[in-house]
Amino acid sequence: MGEAATGEDVYVNADSISRNREGLRFIYSIGEETIYAIAYCDSRTWYVSGYDEVYSPNSHATSDMIDYVCSQE
């Protein structure tokens, strides 16, 4: 996907994308960290349970990430 605002690489596990009642579940990594998330495509945001926060894109890479995940619907 490219580099996050932190300068670390962003990667989406394409095989992890699946629909559930909450949204699209997916797994991505930033640098060495693996993150489990749920995409809310209508608002272009995603929820990360480990941090209990909703994020929106703050770099080209995370913008591409949410666009890619939501295109898999």
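Bear in mind these aren't lab numbers, they're just calculated from the coordinates by the rules spelled out. Bear in mind the structure is a predicted one, so any value in this text is a computation, not a measurement. Cβ coordinates were reconstructed from backbone atoms using ideal geometry, including for glycine residues, and neighbour counts include every protein chain displayed.
Enumerate the calculated ³J(HN,Hα) couplings along region 11-19 in order (Karplus 6.51 cos²θ - 1.76 cosθ + 1.60, θ = phi - 60°), each rounded to whole Hz, writing x wherever the residue is Gly or Pro.
These are the phi-based 3J(HN,Hα) values: 9, 9, 7, 4, 5, 8, 6, 8, 8 Hz.
Obtain the nm distance between the two label points defined at Ser71 and Thr6 by a simple spin-label model: each point lies 7 Å from its Cα along the Cα-to-C-beta direction.
With each label placed 7 Å out from Cα toward Cβ, I get 2.5 nm.
Would you mind computing, in nm to one decimal, how far apart the modelled labels at Asn58 and Ser29 are, each placed 7 Å from Cα along Cα→Cβ?
The two pseudo-label positions are separated by 2.3 nm.
Can you give the net charge of the other residues whose Cβ lies under 10 Å from the Cβ of Glu8, counting K and R as +1 and D and E as -1? Working shown, then result.
Numbers: positive: none; negative: Glu3, Asp9, Glu32, Glu33.
Residues near Glu8 contribute -4 overall.
Once both axes come from the Cα atoms, what is the angle between helix 60-71 and the longest principal axis of the chain, in degrees from 0 to 90, rounded to 10?
Here the helix axis deviates by roughly 20 degrees.
Counting alpha carbon pairs within less than 8 Å and at least 6 residues apart, what relative contact order, in whole percent, applies to the chain?
Numbers: 138 pairs, mean separation 21.2, N = 73.
Across the chain, relative contact order equals 29 percent.
Taking loop as defined by DSSP and a crowding limit of 11 other beta carbons within 10 Å, which GluC sites (Glu not before Pro) in region 1-71 fit? Numbers along the way, then the final one.
Values: sites: Glu3, Glu8, Glu22, Glu32, Glu33, Glu53; in loops: Glu8, Glu22, Glu32.
Answer by residue number: Glu22, Glu32.
Take the Cα atoms of the chain, find their three principal axes, and give me the spread along each one in whole Å, biggest first.
The Cα atoms of the chain stretch 33, 23, 23 Å along the principal axes, largest first.
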